[in-house]
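Accompanying notes for the structure given below.
The values are calculated or read from the model by the stated rules, or taken from the named source; none is laboratory data. The structure presented is a predicted model; accordingly, all values stated were derived computationally and were not measured. Here the Cβ is made from the backbone with ideal geometry for all residues, glycine too, and neighbour counts use every protein chain on show.
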Amino acid sequence: MKNLLISVMGLALLAACAPVAVAPEAIDAPDDATVTAAPPTATALPAGERPPAGASAEFSTDFSISSVPFGEILSGGPPKDGIPPIDTPEFIPVRAVDVWLRPQEPVIVVQANGDARAYPIQILMWHEIVNDTVGGIPLVVTFCPLCNTAIVFERVVGGEETTFGTTGRLRYSNLIMYDRLTETWWQQANGEAIVGLHTGEKLAGYPAAIVSWQEFKESHPEGLVLSRETGFRRNYGRNPYAGYDDVNSSPFLYRGPAIPGQLLPMARVLTVDLNGEAVAYPYDVLAEVGVVNDVVGGEALAIFSEPDTRSALDAPEVAAGRKVGSLTAYSAVLDGQTLQFEFVDGEIRDVNTGSTWNTLGLAVAGPLAGQQLTPVVSINHFWFSWAAFRPETRVYAP
């Protein structure tokens, strides 16, 4: 078991047991990030409640409105935007990336209106947020390394387009973001506002997936890739959380409810939440069966598994991480027909036509070649990160 403590005052790493994972802020404090302190807002707080330490000096958030006890909110070390978001992302073509991105490295894939983009996790783990527009849709691409959650939301709050930043705070070990329109605080794991004007509202999720770089470039040779030219000095390609995703380790700064025991807290899962039903698909189970046909919230789904994608949170170099695979989720309905899928001879095929499909839901051979399944909003998590918010989740078993 592993524990980490990061001193808020000195950002010093204290190891309770060795070796331990190290958060980026403890290694490379962002000396080039701009930290803006907003004047505090005078509010009438509930009896006995006070805003998280230092928050009133940094944020103009209305701390009198909250759906969670402030005691559940902990400092991760850095201040507001101390882990700096990427607000003006630059992109480069697929052909220019192989010099620094290895074939099985994980990337976050977002597709909208014919615009396909890959966001390497070796970059996202140092920034956690990219404010972008994809296919004309204003989106925020987020990644919380402590939870292994790559989640994309529409960056629209109260009907107005905005951008997001990092608060430097955690709840249940998960990133808390803030919007720059109202400085409401948002829980990344479920997109819910927990402190401020929009408390209780939820951001609209947008489909995204973690797959290997090889899978993206083969499916989208004309796609775009987030550049390392971010405007910040970071050691991209290095993993400051080496060893963190050991399934027998403990989540960093987790102070929350007991985790349901169907899975170990650090087990990797893909979660789907449709029409009030939530299901978690364990990576190790899908590695055995290759593909799952399921019904969630009354909708027929297909869950695909790919074995070769590497962990970004294992080895000191992201490219050297062990293989953990990747999972993706799609509607099984195509042109009004519900397809059934099987895993045969290392390939995903639909039983209906015998067509072959890749992890990104594209038919690559057979009668349906060129057809694309519709992705559903699904999220990679460590089990603790999802179960803390949705303990009633059904865990898939064959």
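Screening the candidates ALA189, ALA287, ALA242, ALA258 for the property of being closer than 17 Å to ARG322 by Cα and part of a loop (DSSP other than H, G, I, E, B) yields one hit, ALA242.
Conditions tested, residue by residue: (1) surrounded by fewer than 22 Cβ atoms within 10 Å (Cβ to Cβ); (2) in contact (Cβ under 8 Å) with a residue 24 or more places away in the chain; (3) more than 30 Å from PHE143 (Cα to Cα).
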| position | (1), (2), (3) |
| --- | --- |
| ALA300 | yes, yes, no |
| PRO307 | yes, no, no |
| ARG310 | no, yes, no |
| ALA319 | yes, yes, no |
| ARG322 | yes, no, no |
| ASP345 | yes, no, yes |
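Sort out which residues of the range 155-175 are in a strand (DSSP E or B) and farther than 19 Å from THR271 by Cβ, and write them in order of number. Answer for the range 155-175, where residues must be in a strand (DSSP E or B) and farther than 19 Å from THR271 by Cβ: VAL156, VAL157, GLU160, GLU161, PHE164, GLY165, THR166, THR167, GLY168, ARG169, LEU170.
Being closer than 29 Å to PRO265 by Cα, outside any strand (DSSP E or B) and not hydrophobic (A, V, I, L, M, F, W, C) narrows it down to one of THR199, THR182, so name that one.
Working: THR182 fails: closer than 29 Å to PRO265 by Cα.
Just one listed residue meets the conditions, THR199.
Determine whether the range 328-336 contains at least one residue that is assigned to a strand (DSSP E or B) and among the small types (Gly, Ala, Ser). Yes, the range 328-336 contains a residue that is assigned to a strand (DSSP E or B) and among the small types (Gly, Ala, Ser). THR163 meets the conditions (1) closer than 22 Å to ASP132 by Cα; (2) over 18 Å from the mean Cα position of the chain (by Cα) in every case but one. The failed one is (2).
Tell me whether the range 118-139 contains one or more residues that are assigned to a loop (DSSP other than H, G, I, E, B), closer than 18 Å to SER212 by Cα and either at pLDDT 95 or above or not β-branched (Val, Ile, Thr) (or both). Spell out the reasoning first.
Filtering the range 118-139 down to residues assigned to a loop (DSSP other than H, G, I, E, B) leaves 128, 135-136.
Now restrict to residues that are closer than 18 Å to SER212 by Cα: none.
No: zero hits.
With respect to the conditions (1) more than 22 Å from the chain's Cα centre (by Cα); (2) over 30 Å from PHE216 (Cβ atoms); (3) modelled with pLDDT under 55, PHE70 lacks only one, and its number is (3).
What number of residues in the range 363-398 are among the β-branched types (Val, Ile, Thr), in a loop (DSSP other than H, G, I, E, B) and within 30 Å of ASP335 (Cβ to Cβ)? First the steps, then the outcome.
Within the range 363-398, the subset among the β-branched types (Val, Ile, Thr) is 364, 374, 376-377, 379, 393, 395.
Now narrow it down to the ones that are in a loop (DSSP other than H, G, I, E, B): 374, 376-377, 393.
Next cut, within 30 Å of ASP335 (Cβ to Cβ) only: 374, 376-377.
Residues in the range 363-398 being among the β-branched types (Val, Ile, Thr), in a loop (DSSP other than H, G, I, E, B) and within 30 Å of ASP335 (Cβ to Cβ): 3 in total.
Among residues of the range 217-239 that are at positive phi, those with a beta-carbon under 7 Å from a residue that is surrounded by fewer than 19 Cβ atoms within 10 Å (Cβ to Cβ) and part of a loop (DSSP other than H, G, I, E, B) at least six positions away or on a different chain give the pairs GLY237/TRP100. For the range 51-63, the tally of residues that are surrounded by fewer than 22 Cβ atoms within 10 Å (Cβ to Cβ), modelled with pLDDT of 95 or more and in a loop (DSSP other than H, G, I, E, B) stands at 2. Evaluation of GLU183 against the conditions (1) acidic (Asp, Glu); (2) in contact with a strand residue (DSSP E or B) (Cβ under 7 Å, 6 or more places away or on another chain); (3) over 29 Å from PRO103 (Cβ atoms) shows that the sole unmet condition is (2). Within the range 215-231, the set of residues being crowded, with 18+ Cβ neighbours inside 10 Å, of a type outside the set (Gly, Ala, Ser) and not in a strand (DSSP E or B) comprises GLU215, PHE216, LYS217, HIS220, THR230. Filtered by the rule that a residue be without any contact (Cβ under 8 Å) to a residue 40 or more places away in the chain, of a type in the set (Val, Ile, Thr) and in contact with an Asp or Glu (Cβ under 7 Å, 6 or more places away or on another chain), the range 121-161 gives a lone residue, VAL134. Residue-level check: of (1) surrounded by fewer than 24 Cβ atoms within 10 Å (Cβ to Cβ); (2) touching a Leu at 6+ places or on another chain (Cβ under 6 Å); (3) within 24 Å of ARG233 (Cα to Cα), CYS144 misses just (1). When both residues are 6+ apart or on different chains and their Cβ atoms are under 8 Å apart, which pairs have a first residue that lies in the range 187-202 and is farther than 22 Å from CYS147 by Cα, and a second that is modelled with pLDDT under 95? If the second residue must be modelled with pLDDT under 95, no pairs are left.
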